[in-house]
Amino acid sequence: ILIKGPEVLETTRRADTIVLDKTGTVTTGRMTLQTTHTTDTTTKDEVLRLAGALENASEHPIAQAVATAATDTTGPLPTPEDFANIPGLGVQGVVEGHAVLVGREQLLAEWEIRLPAPLAEAKKAAEAAGRTAIAVAWDGEARAVLEVADAVKDTSAEAVRRLRALGLTPILLTGDNRAVAESVAAEVGIDEVYAEVMPQDKVDVVKRLQAEGRSVAMVGDGVNDAAALAQADLGLAMGTGTDAAIEAGDLTLVRGDLNAAADAIRLSRRTLSTIRTNLFWAFAYNVAALPLAAAGLLNPMIAGAAMAFSSVFVVGNSLRLRTFKGA
């Protein structure tokens with residue numbers, strides 16, 4: 001955790017709202033295969049092997065998510081024959097003697113293939129949750145629906161709970177559609193969501209919250225977050241993000257884990273508390289001892305020892321910060 005200056009410590013004490021960018025902050029920022037729905041006569045491994053072989057020949061991020069999951073599950077993938085990319089619809093080809101289609105439902109419809117009711121329901125539910133649904137068919141029959149999404153980081157839900165425990169109200173801010181945003185927010189425990197926000201409008205959201213009297217902390221990682229990070233009372237930039245975001249932030253969270261945001265605020269507040277304790281005792285010693293010394297009631301040797309102990313106390317109290325442990 002890199003803290004740019006001492007004034008940041010005071011800001012962490014005042015912050016009562018924390019705005020979290022979604023992509024790359026709460027989520028991993030890359031597409032992954034979430035769920036595979038198959039018909040009763042088809043296995044998951046069979047679907048991933050055939051669909052993954054086709055998708056592996058495509059450079060599309062969604063295709064690569066399927067191909068990666070297939071490789072992890074079934075091992076090396078076969079090489080497709082007669083591969084063709086159908087712009088806007090999906091891919092088709094021959095894999096191990098099977099004529100395979102992977103893509104939108106419209107691609108299957110062009111081959112007079114319809115999704116059976118269970119797969120159609122799975123597709124509808126996936127899209128309602130803001131995920132991308134991919135249909136898979138081969139040999140003239142629909143076999144599966146794959147759900148692909150930008151996965152939530154494993155630590156995000158715990159981090160949100162810790163931020164709440166610090167007295168901060170979390171808000172999710174994203175340019176994604178509302179269904180996706182609300183799905184992610186529900187998964188990590190965030191109630192307030194600003195969705196479909198254009199990059200240039202993110203700073204306006206922060207200004208609006210500040211106009212309501214809130215002290216706003218902002219966590220982001222992209223160049224689109226830089227202006228909002230600069231506008232926020234406290235900007236926390238993910239170290240895994242862009243240089244522009246890191247430059248705009250007050251604190252940099254090197255490891256790119258949202259838990260580090262809670263650690264940064266806890267550490268900053270504890271450091272500020274230690275500074276105040278040190279100042280109190282430093283003044284208290286002098287306020288108590290000066291009148292006694294002026295009245296001739298304080299032995300110089302005792303006064304010297306008290307001053308030395310004051311310094312030892314301040315250093316010892318500060319060294320207690322070495323016991324701080326993050327998540």
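The values are calculated or read from the model by the stated rules, or taken from the named source; none is laboratory data. On a predicted model such as this, the values are computed, not experimentally measured, just so you know. Note that each Cβ is placed from the backbone with ideal geometry, even for glycine, and that neighbours are counted across all protein chains shown. Side chains included, ligands, DNA and RNA excluded: accessible areas come from the protein's heavy atoms. Shrake-Rupley method; radii C 1.70, N 1.55, O 1.52, S 1.80 Å.
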Selection from L48, T74, A63, by position along the positive dipole direction of the stretch 25-80 (Cβ)
A63
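Could you give the size of the charge dipole of the stretch 133-226 about its Cα centre, using +1 on the Cβ of each K and R and -1 on the Cβ of each D and E, expressed in debye and rounded to the nearest 20? Please list the in-between numbers first.
On the way: 10 positive and 17 negative charges, 103 e Å.
So the magnitude is around 500 debye.
For the stretch 21-107, what value does the Rg/Rh ratio take when both radii are computed over Cα atoms and Rh is the Kirkwood radius, given to two decimals? Could you put the intermediate results ahead of the total?
Details: Rg = 13.5 Å, Rh = 13.6 Å.
Across the stretch 21-107, the Cα-based Rg/Rh ratio is 0.99.
Over 30 Å between C-alpha atoms is what I'm after, so list which of K123/K153; K4/K325; K123/K202; K123/K207 land there. Please list the in-between numbers first.
Values: K123/K153 24 Å; K4/K325 20 Å; K123/K202 32 Å; K123/K207 39 Å.
Distance filter (> 30 Å) returns K123/K202; K123/K207.
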What order do you get for 214-222, 235-243, 60-68 when each peptide is scored by the mean count of other beta carbon atoms within 10 Å, highest first?
214-222, 235-243, 60-68
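Out of all DSSP beta bridges with both ends in the chain, state the antiparallel percent to the nearest 5.
On the way: 31 of 50 bridges.
Percent antiparallel among DSSP bridges in the chain is about 60.
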When the Karplus curve 6.51 cos²θ - 1.76 cosθ + 1.60 is applied with θ = phi - 60°, which whole-Hz ³J(HN,Hα) does each residue of the stretch 81-87 get, with x for Gly and Pro?
10, 6, 5, 9, 9, 9, x
Let me know the charge dipole size of the chain about its Cα centre in debye, to the nearest 20, where only the beta-carbon of Lys, Arg (+1) and Asp, Glu (-1) is charged.
2220
Give me the distance between the Cα centres of the stretch 248-322 and the stretch 21-98, rounded to whole Å.
58
By average Cβ neighbour count within 10 Å, what is the ranking of 27-37, 130-140, 5-15 from highest down?
130-140, 27-37, 5-15
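Which shape class applies to the stretch 153-234: rounded if a/c is under 1.5, otherwise prolate when a/b exceeds b/c and oblate if not, where a ≥ b ≥ c are the square roots of the Cα gyration tensor eigenvalues?
Oblate is the answer for the stretch 153-234, as a/c is 1.5 or above yet b/c matches or exceeds a/b.
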The percentage of the accessible area of the stretch 174-327 (probe 1.4 Å, all protein chains present) made up of carbon and sulfur atoms, to the nearest whole number, is 61
Theoretical ellipticity at 222 nm over the chain - DSSP helices of four or more residues, -39500 (n - 2.57) apiece, nearest 500
-14500 deg cm²/dmol
Gyration tensor verdict on the stretch 102-227 (Cα atoms; rounded if a/c is under 1.5, prolate if a/b is larger than b/c, oblate otherwise):
prolate
Over the stretch 40-116, calculate the relative contact order: mean separation of alpha carbon pairs under 8 Å at least 6 apart, over the residue count, as a percent.
24
Residue by residue, what Karplus-based ³J(HN,Hα) values in Hz, rounded to whole numbers, does the stretch 162-179 have, using 6.51, -1.76 and 1.60 with θ = phi - 60° and x for Gly and Pro?
5, 5, 4, 4, 7, x, 9, 8, x, 10, 9, 10, 7, x, 5, 5, 5, 4
Among S183, L172, V197, whose Cα projects farthest towards the positive end of the dipole of the stretch 146-202, with charges put on the beta-carbon of Lys, Arg (+1) and Asp, Glu (-1)?
L172
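Just check the chain against the gyration tensor rule for me: Cα atoms, a ≥ b ≥ c as the square roots of the eigenvalues, rounded for a/c under 1.5, and otherwise prolate or oblate depending on whether a/b exceeds b/c.
Numbers: a/c = 3.89, a/b = 2.99, b/c = 1.30.
Prolate shape, in that a/c is at least 1.5 and a/b is the bigger ratio.
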